[in-house]
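Comments concern the structure below.
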Amino acid sequence: MSSSNVPKRSYGVDVSSYQSENTNYPNAKFVFVKVTEGTGYINPKASAQIRSAKNHDQLVASYFYANHSSSVSKAKAEAKYAVAKAKAVGVPLGSYVADDFEQGDGNSVYGSASANTDAILAAMSVIKEAGYKPLVYANTSVLRNNLAVSRIVKSYGTCIWMASYKISGRQDHADFNYFPPMDGVAIWQFADNYRGCDVDGNINLVDLKISSDNHQAKSVKKPVESLSQHPVVKYDVGAVAVVSNQKGAYIYTSSKLDEKESDKLKPYKSMWKVFAIENGAIKVGKNEYFDGRAVYVKANPIAYNDSKHAVVKIVKPCHALDGTDPNAIKVYPLKVGSKIEVQGRVGRFLRIKDKYKGKTVYVTGNRAYIVL
């Protein structure tokens, strides 16, 4: 029986028809199986590889190789084909399906970043509607230059499967000293020859879980570790609503608050991203509203004004950096749980108030969250 939960910092592989039907690679806790390409190809080994992964208690996920380039219509068609075949060959609902977006073999990444992103988002929407969790796979160059990653992460949270190799060739372990900082990374493909097995090596930065509950994008995608009067959110979350009614709160389907989404109450202290306030109702998703009397709303000024001061809490292991680019030097470590003052931001980098040896230093906003 396959695993349904893999803790972060576990190793995994991705396979296609080039690899064996046996997925029992050393220490591999999850397996991404290529199922389709375009709308006409099915990996002939997919069923056997998925069966092997389940037999070895590995979490089973899948991907399709994109041929859609920047075409929204082709992206939708390929995603529909991919999820149908994934289901047919045994990829569990609630698992992951990735859009493998790279140059070559019928796919071009050289359309505009905006058009490419429109296509990716269209595919991801189809994947989610089918009951799977969408990811997008690309290398760092494509992610930085040919896609609007911020739009993708805003829509689907931590959903990036990033390829970036320290070296080409055998690697047995992921070297996080080489990891390129980027928001929204769920999985890092760090090797093209994991442990000499001629298979890509991956490590997950978040827990991987197969779950039929595919509505996580409605909430704040977990930019929170405290649900008190001072919630903690990512720098780009403009406002949050926290359920203040101890009995919980209903979600309604319009700002008129005349029809409940369901009879199930959202729990006390649960936190939701705010998209708008309409007629006193708090909009937290498409056709999803709270009664403004059942929640309290807190705004995040630094999301709108990059010169605002704030206090941040370090929520993941990180360092102060000497600049705001991927090659910035790590100056000194920052302790998880500690709080520091920042004076504005440059993109996702937050400027630390206290200088280091007279120089300005920064912390990346995906590891230090704003205390509201």
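General observations
- Placing unit charges on the Cβ atoms of the charged side chains and taking the dipole of the range 98-197 about its Cα centre, the candidate lying farthest along the positive direction among Asn193, Val149, Gln103 is Val149.
- Straight Cα distances below 17 angstrom link Lys298 to the aspartates and glutamates Glu225, Asp236, Glu278, with same-chain residues fewer than 8 positions distant left out.
- Of Lys313/Lys355; Lys8/Lys308; Lys29/Lys266; Lys273/Lys308; Lys209/Lys316; Lys34/Lys87, those spanning more than 24 Å from alpha-carbon to alpha-carbon: Lys8/Lys308; Lys29/Lys266
- Contour minus Cα-Cα distance for Ser125 and Phe275 (0.36 nm per residue): 52.1 nm
- Every Cα-Cα pair in the range 7-74 was counted, and those over 18 Å apart are 39% of them.
- Cβ-Cβ FRET estimate between Val311 and Val336, R0 fixed at 22 Å, reported to 0.05: 0.90
- Extent along principal axes [Cα atoms of the chain; Å; largest to smallest]: 59, 55, 40
- Under 14 Å from the Ser244 label point (7 Å along Cα→beta-carbon), backbone N, the range 290-324: 291-299
- Note that the range 300-311 has calculated 3J(HN,Hα) couplings of 10, x, 5, 5, 9, 10, 6, 9, 6, 8, 7, 9 Hz, one per residue in order, obtained from phi through the Karplus relation 6.51 cos²θ - 1.76 cosθ + 1.60 (θ = phi - 60°); glycine and proline are x.
- Estimated from helices alone, the mean residue ellipticity of the chain at 222 nm is -5000 deg cm²/dmol (sum of -39500 (n - 2.57) over DSSP H runs with n ≥ 4, per residue).
- Efficiency of FRET between His173 and Asn287 - r from beta-carbon atoms, R0 41 angstrom, step 0.05: 0.35
- The magnitude of the dipole of the chain, with charges of +1 and -1 set on the Cβ of Lys/Arg and Asp/Glu and taken from the Cα centre, is near 1240 debye.
- Residues with amide H under 5 Å from that of Leu135, placed H, sequence gap 5 or more: Val97, Ala98, Asp99
- Choice from Phe30, Phe179, Phe190 with maximal GNM fluctuation in the chain (Cα, 10 Å cutoff): Phe179
- For the range 236-372, a simple Cβ point-charge model (Lys and Arg +1, Asp and Glu -1, everything else neutral) yields a dipole of about 620 debye relative to the Cα centre.
- Amide H to amide H distances under 5 Å link Val206 with Arg9, where only residues 5 or more positions off or on other chains count and H is placed in the peptide plane.
- Accessible-area composition of the range 77-180, carbon plus sulfur, in percent [1.4 Å probe]: 48
- Trypsin sites (Lys or Arg not before Pro) restricted to the range 235-268 and DSSP loop, no more than 16 other C-beta within 10 Å: Lys247, Lys256, Lys264
- For the chain, the membrane-span-like helix rule (DSSP H, alpha carbon extent of at least 15 Å along the helix axis, mean Kyte-Doolittle at least -1.0) picks out 72-89, 113-129; this says nothing about an actual membrane.
The values are calculated or read from the model by the stated rules, or taken from the named source; none is laboratory data. Computed from a prediction, not measured in an experiment: that's the story for all the values here. Reconstructed Cβ throughout: ideal geometry from the backbone, glycine too, with neighbour counts over all protein chains shown. Side chains are part of the model used for accessible areas, which takes the heavy atoms of the whole protein and leaves out ligands, DNA and RNA. Shrake-Rupley method; radii C 1.70, N 1.55, O 1.52, S 1.80 Å.
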